[in-house]
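Read the structure below first, then the notes.
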Amino acid sequence: MLGIGRGVTLALVGWLWADLLLGLFAIFLAANAASVFVEKDNAQGIDPKAVVIGVVVDGSALLSTDLAAVERQQRQIVTEVQRRLEAEAPGRKVALVLAFGSHERAGEGDRMAQLATEPLKQTVFAGAVVNNYHEIVAGDTGTKLELEIYVYQ
């Protein structure tokens, strides 16, 4: 008689353990699902359509060791980008910028993009993610900067 009661108790413990795990799993799912819902009115997304701005630059001046020439080029780039961005996306905040410096050497193209976007990070690109790249063009010594600018909706 004692053997039968002990088997029933062990079987009940197994079912109790399974029910406990199932209950914890349901609580876990409910807790995670509650954090997924976001109020749509407050959600701010990024416009998937980029504002593309091409700027003609003097690569020899921008990449030179003459700081005055570099600063002149940077001021011209800032002025042009601000003017064009205000015309194409008025009042919109910049979220992400992909900058491509056109040059026959990859390192110089990267450097061009970095030098061109550095002063913009203090103005219209403040708070944005800015990634600098190169665009390899045979025979090009740095004549163009292309910016793909993604703004908040």
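Nothing in this text is a laboratory measurement; each read-out follows from the coordinates by a stated rule. All values derive from a computational prediction rather than experimental measurement. Positions of Cβ are generated from backbone atoms using ideal geometry, with glycine treated the same way; all protein chains shown enter the neighbour counts.
Taking square-rooted eigenvalues a ≥ b ≥ c of the alpha carbon gyration tensor, is the chain rounded, prolate or oblate, where a/c under 1.5 means rounded and, failing that, a/b exceeding b/c means prolate?
Judged from the Cα gyration tensor, the chain comes out prolate (a/c at least 1.5, a/b above b/c).
When the helix-only estimate is applied to the chain (DSSP H runs of n ≥ 4, each -39,500 (n - 2.57), divided by the residue count), what is the mean residue ellipticity at 222 nm, nearest 500 deg cm²/dmol?
-16000 deg cm²/dmol
In the chain, with Lys and Arg counted as +1 and Asp and Glu as -1 at Cβ, which of these residues, 95, 17, 125, has the Cα nearest the positive end of the dipole, that is, farthest along it?
17
Could you check what % of the DSSP bridge pairs in the chain are antiparallel, to the nearest 5?
Here the antiparallel bridges make up roughly 65 percent for the chain.
Report the local net charge at residue 49: Lys and Arg +1, Asp and Glu -1, summed over other residues whose C-beta lies under 11 Å from its C-beta.
My count for the surroundings of residue 49 gives -3.
Suppose we keep just the alpha-carbon trace of segment 96-153; what are its Rg and Dmax in angstrom?
When restricted to Cα atoms, segment 96-153 yields Rg and Dmax of 11.5, 39 Å.
For the residue pair residue 49 and residue 15, what label-to-label distance in nm results when each label sits 7 Å from Cα along the Cα-to-beta-carbon direction?
Inter-label distance under the simple model: 6.3 nm.
Taking amide H positions as placed 1.01 Å from N in the peptide plane, with prolines and chain starts having none, which residues 5 or more places from residue 57, or on another chain, fall under 5 Å of its amide H?
Hits under the 5 Å cutoff: 144, 145.
Quick one: angle between helix 2-36 and the longest Cα principal axis of the chain, in degrees between 0 and 90, rounded to 10, please.
20
Between residue 82 and residue 138, what is the label-to-label distance in nm when each label sits 7 Å out along the Cα-to-Cβ direction?
Between residue 82 and residue 138, the label points sit 4.0 nm apart.
Once fully extended, how much extra length lies between residue 68 and residue 31, figured as 0.36 nm per residue of separation less the alpha-carbon to alpha-carbon distance?
Stretched fully, the residue 68-residue 31 segment lengthens by 7.4 nm.
Residue 72: net charge of surrounding residues, Cβ under 10 Å, Lys/Arg +1, Asp/Glu -1, itself excluded?
Net charge in that neighbourhood comes out at -2.
List the relative contact order of the chain as a percent without decimals, with contacts defined as Cα pairs under 8 Å and 6+ residues apart.
Rounded, it is 31 percent for the chain.
Roughly what angle does helix 106-117 make with the longest principal axis of the chain, taking Cα atoms, 0 to 90 degrees, to the nearest 10?
That helix lies at roughly 90 degrees to the long axis.
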